1. Quick test of your reading of the structure: residue 61 fulfils all but one of (1) at pLDDT 95 or above; (2) of a type in the set (S, T, N, Q); (3) buried (at least 16 other Cβ atoms within 10 Å of the Cβ). Name the failing condition by number.
2. Within the stretch 69-108, can you find the residues that are in a loop (DSSP other than H, G, I, E, B) and in contact (Cβ under 8 Å) with a residue 40 or more places away in the chain?
3. Going residue by residue through the stretch 47-63, is there one that turns out to be within 13 Å of the chain's Cα centre (by Cα), assigned to a strand (DSSP E or B) and within 20 Å of residue 174 (Cα to Cα)?
4. If you scan the stretch 17-63, which residues turn out to be among the acidic types (Asp, Glu) and touching a residue at least 60 places away in the same chain (Cβ under 8 Å)?
5. Considering only helices (runs of 4 or more DSSP H) fully contained in the stretch 145-210, which possess at least 3 residues that are among the hydrophobic types (A, V, I, L, M, F, W, C) and within 16 Å of the chain's Cα centre (by Cα)?
6. Could we say that residue 66 is under 14 Å from the mean Cα position of the chain (by Cα), crowded, with 16+ Cβ neighbours inside 10 Å and in contact (Cβ under 8 Å) with a residue 40 or more places away in the chain here?
7. So which residues in the stretch 23-40 are at pLDDT 95 or above and part of a loop (DSSP other than H, G, I, E, B)?
8. Within the group 110, 181, 153, 200, which residue is open to solvent by 60 Å² or more (accessible area, probe 1.4 Å), on the phi > 0 side of the Ramachandran plot and of a type in the set (Asp, Glu)?
Amino acid sequence: MNLSETPSYFTANMARIGRLSTKGSVLLLCDIQEKFRPNIFQFTNIVSNAARLLQACRILNIPQILTEQYPKGLGPTVPELGAEGLKPHTKTSFSMLTDSVESSLKSLGDPQQVILCGIEAQACIACTTYDLLERGMEVHIVADAVSSRSHTDRLFALSRLKQSGAFLTTTEGVLLQLVQDAKHPNFKEIQKLLAHPSPDTGLLSFFSSL
């Protein structure tokens, strides 16, 4: 087989690698809301990591989409996320891919790489991931920026989503993949976001079971 004549071969295999790029990516922030605060495992640290992802995407001009699950009952997005200026897409479905979100993705040119974080792993994160994967999109779940009320549900959901083809990564891993070189024009700004290591959010028990 002459591989030089089969560009689709390279495209398919490159897609399986999961290399993030600032071009064709979008950040999805799922339901990081006030009423979850007292019940979500590692809530404060999860929000802190999601906030860093949001800041980095703003620096790198990666578009961001924010959803809120039934805000009348679950309250607004927490202020420490720093999502001012983002108009939330309200929903009752577990999946983030509502009509309004689909419309936003289309207006962005149908990005094929999704950086996904938020709440809850076994519900909205899972359903969103399945919908995205069924559309042939590449999903990067930021494990230290995703959680649930139950740590068990969180870890089993991450394991299940990995089996389905999502890439599991971390906040710092995403930021470094996106710049890829200390010569990147925004590297210094991203480096400031990495001044302090990401807090431990209890993921070591997940990897000890692999």
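The values are calculated or read from the model by the stated rules, or taken from the named source; none is laboratory data. Just so it is clear, the structure is predicted and the values come from calculations on it, not from any experiment. Neighbour counts are summed over all protein chains in view; Cβ atoms, including those assigned to glycine, are modelled from backbone coordinates with ideal geometry. Side chains are part of the model used for accessible areas, which takes the heavy atoms of the whole protein and leaves out ligands, DNA and RNA. Shrake-Rupley method; radii C 1.70, N 1.55, O 1.52, S 1.80 Å.
1. The single condition residue 61 does not satisfy is (3).
2. Narrowing the stretch 69-108 to residues in a loop (DSSP other than H, G, I, E, B): 70, 75-76, 78, 82-88, 92-98, 108.
The answer is 75, 76, 78, 83, 86, 96, 108.
3. no
4. First pass over the stretch 17-63, keeping only residues among the acidic types (Asp, Glu): 31, 34.
The answer is 31, and nothing else.
5. Values: elements: 151-164, 171-179, 187-193, 204-208.
By residue number, 151-164, 171-179.
6. Values: under 14 Å from the mean Cα position of the chain (by Cα): yes; crowded, with 16+ Cβ neighbours inside 10 Å: yes; in contact (Cβ under 8 Å) with a residue 40 or more places away in the chain: no.
Taking the combined requirement at face value, the residue does not satisfy it.
7. Filtering the stretch 23-40 down to residues at pLDDT 95 or above leaves 25-40.
Selection gives 31, 32, 37, 38, 39, 40.
8. It is 110.
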